[in-house]
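Inspection log for the structure reproduced underneath, given as structure tokens.
The values are calculated or read from the model by the stated rules, or taken from the named source; none is laboratory data. Source: prediction; values computed, not measured. Don't worry about glycine lacking a Cβ; one is built from the backbone with ideal geometry, like all the others, and counts go over all protein chains shown. Side chains are part of the model used for accessible areas, which takes the heavy atoms of the whole protein and leaves out ligands, DNA and RNA. Shrake-Rupley method; radii C 1.70, N 1.55, O 1.52, S 1.80 Å.
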2 protein chains.
Amino acid sequence: MPHSKPLTGEFDYIAWIRQRVIADSRVPIGIGDDAALVRFSPNRDVIVTTDMLLEGVHFDLQIATPYQVGRKALGVNLSDIAAMAGIPVAATVALGVTETGGLEQAEELFRGIHEMAAEFNVAIVGGDTNRSRDGLVISITLLGEAGPHGCVKRGGARAGDWILTTGSLGGSIRAKHLTFIPRVREAAVLHDRYHLHSMIDLSDGLAADLGHVLEESACGAVLQADSIPINDLARIDSGTTQPLEHALYDGEDFELVFTLGEGDARRLLADQPLDVPVTHIGVIVESGEYLLQLADGSTRPVERRGYDHFRR
Amino acid sequence: MPHSKPLTGEFDYIAWIRQRVIADSRVPIGIGDDAALVRFSPNRDVIVTTDMLLEGVHFDLQIATPYQVGRKALGVNLSDIAAMAGIPVAATVALGVTETGGLEQAEELFRGIHEMAAEFNVAIVGGDTNRSRDGLVISITLLGEAGPHGCVKRGGARAGDWILTTGSLGGSIRAKHLTFIPRVREAAVLHDRYHLHSMIDLSDGLAADLGHVLEESACGAVLQADSIPINDLARIDSGTTQPLEHALYDGEDFELVFTLGEGDARRLLADQPLDVPVTHIGVIVESGEYLLQLADGSTRPVERRGYDHFRR
């Protein structure tokens with residue numbers, strides 16, 4: 001175990017954080033009062049999302065640095081705001097830190113959170129720091145606001161919609177789950193230029209997450225096996241699991257999957273308006289079926305199972 | 001260990017919670033999408049606070065029931081909103097639950113959160129449920145809004161202000177820390193009828209929390225030892241610590257301490273507008289001194305130490 005400065009109490013750490021948080025016109029009262037005040041744009045709904053990461057369940061400090069864990073803890077929340085096509089505004093950070101990890105670990109963790117926050121113009125407005133008996137715990141709540149066109153929900157897919165995805169899928173556990181860039185800017189461009197019917201971010205895996213869209217939209221889907229963009233990380237020899245299986249069932253891609261009308265979809269695919277490729281992977285159908293169509297035209301059911309953080 | 005139903009995955013528990021969350025006109029999108037949408041009153045700032053409770057650090061399930069822990073986890077956040085004289089609106093709940101605790105424990109915990117939420121008209125708008133290796137973890141973020149008169153800050157105390165407290169102090173660890181009613185309604189009455197200059201809720205103890213007010217307001221205080229209302233729980237034989245010491249340095253009273261001009265304070269003390277007594281315990285002074293005046297007129301410094309959750 002590396003030599004660590006001991007933790008010297010909650011107040012010192014919060015004072016340390018407070019020094020590093022810059023003034024923000026959206027935050028009339030920041031860290032240092034009983035609660036923070038945040039000023040949102042007039043007449044906009046507030047978007048709220050929360051995610052907790054626990055050491056030994058969601059991350060392993062033998063593999064990930066505290067800095068990477070900090071970035072990821074905010075990044076998963078940013079990805080949720082992106083999935084609504086929202087604009088991130090402010091975050092609170094609740095921590096449980098261990099005596100053995102010490103102050104350096106807590107500082108590196110916060111450095112990761114803080115850098116990610118700066119990259120997406122998120123104000124850190126509050127925190128709660130505690131001792132944890134066993135393992136680091138990070139719980140972040142991120143607040144955002146809807147843009148002028150409102151939000152994109154999971155439940156808006158319609159029969160005939162084309163299903164598109166950003167980037168490529170699978171194998172995230174090999175690296176991308178710690179280094180992904182949440183698709184906040186991409187979602188804003190898409191929502192601004194095209195009429196998106198539904199959207200979700202991929203945290204549980206394509207099969208499970210598109211399944212959530214189908215459930216909320218009360219419809220089905222047919223995915224084209226040949227069209228699904230597979231990440232190179234999913235092609236690395238991994239025993240018996242085929243790359244396509246990784247792309248369907250691996251979690252934590254943090255890409256966006258969305259649906260829109262055929263005309264808009266064709267225009268978007270021709271435009272390719274993002275820095276990452278956008279790919280047509282299937283269509284929404286009226287029935288409740290959820291199928292994968294193979295190159296030979298045959299189909300098989302998509303299992304709605306995914307990457308279950310809870311059972312891992 | 002009692003027989004427990006096994007945890008059957010994150011989705012089942014979230015579905016269970018979703019069934020129990022009632023529709024709310026302030027929540028255009030609730031649990032079941034990537035994030036929730038919350039609609040606040042027009043032109044009101046949003047108040048944000050967050051608190052994490054960890055088993056073995058903040059509570060002991062040999063003493064507290066999961067139901068009580070659930071109530072407390074939301075209650076400490078409600079107390080923070082009360083300290084701003086804010087109106088609670090919506091909460092997110094992130095959990096780490098253990099295999100050994102099982103589904104019953106998670107359900108009882110949520111029942112406590114849900115009942116407290118109903119009592120204070122708080123919508124549960126989102127959650128994240130995870131497995132924890134060691135011990136229950138609850139992290140709640142509570143959103144509120146300022147009332148028509150805005151918020152009350154820690155930093156507004158002025159020399160000459162009278163210092164008042166609701167209820168009685170000390171000995172909370174014997175029971176009250178699990179059964180307290182957050183002073184949300186009391187704060188609203190006070191803020192509506194009197195011109196409060198500063199306010200804080202007592203979580204770290206009177207000495208430390210009033211110390212925060214003094215620090216943020218850049219002034220000092222003289223407390224009258226004889227005037228401090230001591231809770232009966234602090235009078236139970238507890239070894240060498242005197243009841244007054246408990247009232248000054250014990251944590252988790254969750255009462256409100258506030259300051260206001262002498263005229264307003266005299267009117268308030270005569271009115272006694274709350275269901276709990278309000279007591280005059282001292283005055284704000286210009287210098288940075290922080291003193292306790294005893295019955296014989298002598299003074300001694302108040303130590304700013306308090307109940308440090310972090311070191312417990």
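Suppose R0 equals 41 Å. What FRET efficiency, 1/(1 + (r/R0)^6) with r the Cβ-Cβ distance, do residue A:158 and residue B:41 give to the nearest 0.05?
Plugging the Cβ-Cβ distance into 1/(1 + (r/R0)^6) gives 0.75.
Plugging the Kirkwood radius over Cα pairs into Stokes-Einstein for the range B:50-91, at a temperature of 4 °C and a viscosity of 1.567 mPa s, what D comes out in µm²/s?
116
Am I reading the B/A interface right? What is its buried accessible area, both sides, 1.4 Å probe, to the nearest 100 Å²? Intermediate results must be reported in sequence, preceding the final value.
Values: alone 14800 and 14830 Å², together 23970 Å².
Chain pair B/A: roughly 5600 Å² of buried accessible area.
In debye, nearest 20: dipole of the range A:1-142 around its Cα centre with unit charges on the Cβ of K, R (+) and D, E (-)?
About 300 debye.
To test your reading of the geometry: what angle, between 0 and 90 degrees and rounded to tens, separates the Cα axis of helix B:102-119 from the longest principal axis of chain B?
With both axes taken from Cα atoms, the answer is about 50 degrees.
Please give the net charge around residue B:248, taking every other residue with its beta carbon less than 10 angstrom from that of residue B:248, where Lys and Arg add +1 and Asp and Glu add -1. Intermediate values should be presented prior to the final figure.
Numbers: positive: B:305; negative: B:245, B:250, B:303.
With Lys, Arg at +1 and Asp, Glu at -1, the neighbours total -2.
Taking R0 as 51 Å, what's the FRET efficiency between residue B:269 and residue A:149 from their Cβ-Cβ distance, rounded to 0.05?
It comes out at approximately 0.40.
Between copies, how close do the residue A:99 label points come, placed 7 Å along Cα→Cβ, listed in nm from shortest?
Reported distances to equivalent positions: 2.7 nm.
Per the helix-only calculation at 222 nm, which mean residue ellipticity applies to chain B, given -39500 (n - 2.57) for every DSSP H run of n ≥ 4 and division by its residues, nearest 500 deg cm²/dmol?
Numbers: 8 runs with 90 residues, N = 312.
Taking each H run of at least 4 residues, the total per residue is -9000 deg cm²/dmol.
Evaluate the distance, in nm, between pseudo-label points positioned 7 Å from the Cα of residue A:19 and of residue B:25 along their respective Cα→Cβ axes.
For residue A:19 paired with residue B:25, the spin-label model returns 4.9 nm.
Among B:32, B:126, B:155, which one moves the most in a GNM of chain B with springs linking Cα atoms closer than 10 Å?
Highest fluctuation among the options: B:32.
Tell me the label-point distance for the pair residue B:276, residue A:104, using the 7 Å Cα-to-Cβ offset, in nm and rounded to one decimal.
Each label point lies 7 Å from its Cα, and together they span 4.5 nm.
Relative to a virtual label point 7 Å from the Cα of residue B:287 in the Cα→beta-carbon direction, which members of the range B:206-233 show backbone nitrogen distances below 14 Å?
B:219-223
Starting from the 7 Å offset along Cα-to-Cβ, what nm value, one decimal, do you get for the label separation of residue B:240 and residue A:215?
For the pair residue B:240/residue A:215, the computed spacing is 5.9 nm.
Rounded to two decimals, what is Rg over Rh for the protein assembly as shown when you use alpha-carbon atoms and the Kirkwood radius?
Using Cα coordinates only, the ratio equals 1.01.
Quick one: among A:62, A:224, A:105, which has the greatest mean-square fluctuation in a GNM of chain A with alpha-carbon springs under 10 angstrom?
Fluctuation is largest for A:62.
Answer rounded, prolate or oblate for chain A, using the Cα gyration tensor with square roots of eigenvalues a ≥ b ≥ c: rounded when a/c is under 1.5, else prolate when a/b is larger than b/c, else oblate.
The shape class here is oblate.
Pick from A:299, A:259, A:279: which is most flexible by mean-square fluctuation in a GNM of chain A where alpha carbon atoms under 10 Å apart are linked?
The residue that fluctuates most here is A:299.
Of the heavy-atom accessible surface of the range B:92-145 (probe 1.4 angstrom), what whole percent is carbon and sulfur?
44
How would you classify the range A:201-312 from its alpha-carbon gyration tensor, with a ≥ b ≥ c the square roots of the eigenvalues: rounded for a/c under 1.5, else prolate if a/b is greater than b/c, otherwise oblate?
Here the range A:201-312 falls in the rounded category.
Using the heavy atoms of the protein chains and a 1.4 angstrom probe, tell me the accessible area per residue for the range A:139-199 in square angstrom. Don't skip to the answer; put the middle values down first.
Details: 2060 Å² over 61 residues.
With all protein chains present, the range A:139-199 gives 34 Å² per residue.
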